[in-house]
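Asks: Structure below; questions to follow.
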Amino acid sequence: MKIFRPIAASCFALALVASAFGQKNSLRITAVDVEGGQATLFVAPTGQSLLIDTGWDKNNGRDADRIVAAAKMMGLSRIDTVLLTHYHDDHIGGVPQLAERFPIGAFLDHGERISSDPNDTSFLANYRKLLATGKYKHFVVKAGDKLPAPGFDAVAISSNGAVMDHDPGASSVRKAPNPLCANVKQPATDTQENGQSLGTMIRFAGLKIVDAGDLTSDREYSLVCPVNKLGQVDLLIVSHHGVDWSSSPVFINSIAPRVAIMDNGAHKGASTSVIDTIRKSPRMEALYQLHLAPPAGSPNPGKTPQQGPEHNVPEAFIANTSGTDGKNVVITISADGTMQVTNGRTGDTKQFARK
Ligand SMILES: [Zn+2]
């Protein structure tokens, strides 16, 4: 066995060099499996990095370990910017564990917690304690702000309950009414932290990438009705793990993503109605799920019950089936706008040409 080790090691090194060469000028994204929370890591061609959310607090730092492993795979020795979409435990819980394990430059958030949110506040207290050390830069971002994330052309589409007036990155302000809004009513205002989510739109190589945290359908409506302020989107990190409080048909059909990644867990999210809405949306080429959707009849935080396994995407597009955990989905966007998506379980890569 010994004799094979140097050969295997050098092959591995060559593979790393080859992949690093192929990634030059690319935007790389890893949707880290944090079991129904969110942790999405973006690395710009400059090597600067942006992590959206930090997963859960539990499990001896399991999620922080997974984020650090993904960061190292992407060649990082620190994360420049950590954006926290909102103050729920599946997004902010992992902050202290991550800070213990890996250098972080700055934190971005939406500001004050909404007082009507009934959930545990200890995760926010832990985050505030970390900020109080003075070791990190800290920015509160408003809707419509350019994101203070070096290396990224990004705008905050929503924050602290508001949505942007217009897209400051667009060549002109959109004014035409969105015909898809006819006969659609705005849902009741969400009064919890989900609706406060700091949502982001990143531009790269002529493509648009949206990650809106757990932004709810009422704010989604304000983003696309009466005017679609986002326009069409190429890559969507599906809001709220695929829970049906988000991803309303008017939102999904208006932004019409070509590729979507759903960060659901084995027992959370991936509502049947959301999977069906995304798969039927007008420009959809591929939906990936981090996990097989919970089985039919499972308790789920959404409004509608799970309706069975036929509502999942094919297994080739699912990173974790019943026997796996911790497999990620990795996306590379080349300078020419080609998207490559790799299922971390199978290693299979699919390519999506620019449109
Ligand atoms: Zn969440």
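Asks: Per-residue accessible area for residue 135 at 1.4 Å probe radius, Å² rounded to 10?
Replies: Residue 135 exposes around 150 Å² with every protein chain in place.
Asks: Going down the list 280/303; 146/327; 303/350; 58/208, which pairs span over 29 Å between their C-alpha atoms?
Replies: 146/327; 303/350; 58/208
Asks: Another one. Taking the Cα centre of each part, how many Å lie between region 93-135 and region 44-88?
Replies: 14 Å
Asks: Return, ordered by residue number, the residues of region 328-355 whose backbone nitrogen is under 14 Å from a label point located 7 Å along Cα→Cβ of residue 285.
Replies: Only 331-342, 349-355 pass the distance filter.
Asks: Compute the projected area of the convex hull of the Cα atoms of region 23-352, averaged over all viewing directions, and report it in nm² to one decimal place.
Replies: Average projection, Cα convex hull of region 23-352: 15.2 nm².
Asks: Let me ask another. What does the net charge come to around residue 138 if you take all other residues with beta carbon closer than 14 Å to its beta carbon, with K and R at +1 and D and E at -1?
Replies: Its environment carries a net charge of +1.
Asks: Taking the simple approach of a point 7 Å from Cα along Cα-to-Cβ for both residue 171 and residue 185, what is their distance in nm?
Replies: Roughly 4.0 nm, to one decimal.
Asks: Follow-up. Under a Cβ-Cβ cut-off of 13 Å, what is the net charge of the residues other than residue 103 that fall near it, where Lys and Arg count +1 and Asp and Glu count -1?
Replies: Local net charge: +3.
Asks: Whole number in Å², please: accessible area per residue of the chain, 1.4 Å probe, ligands, DNA and RNA not counted.
Replies: Value for the chain: 42 Å² per residue.
Asks: Which residue fluctuates the most in the chain, going by a Gaussian network model with Cα springs under 10 Å, if the choices are 41, 131, 108?
Replies: For the chain, modelled as a Gaussian network with Cα springs under 10 Å, the answer is 131.
Asks: List the relative contact order of region 179-310 as a percent without decimals, with contacts defined as Cα pairs under 8 Å and 6+ residues apart.
Replies: 19 percent
Asks: Only bridges whose two residues both fall in the chain count here: according to DSSP, what percent of them are antiparallel, nearest 5?
Replies: If I count the DSSP bridges inside the chain, around 60 percent turn out antiparallel.
Asks: Using heavy-atom solvent-accessible surface (probe 1.4 Å) with all chains present, what is the largest-first order of 267, 110?
Replies: 267, 110
Asks: Around residue 163, under 14 Å between beta carbons, what's the net of Lys plus Arg minus Asp minus Glu among the other residues?
Replies: Values: positive: 142, 174, 219, 229; negative: 145, 165, 167, 190, 218, 220.
Net of charged neighbours comes to -2.
The values are calculated or read from the model by the stated rules, or taken from the named source; none is laboratory data. Quantities reported herein were computed from a predicted structural model and do not represent experimental measurements. Heads up, the Cβs are rebuilt from the backbone with ideal geometry, glycines too, and the neighbour counts pull from every protein chain shown. Surface accessibility is based on the protein's heavy atoms, side chains included, excluding ligands, DNA and RNA. Shrake-Rupley method; radii C 1.70, N 1.55, O 1.52, S 1.80 Å.
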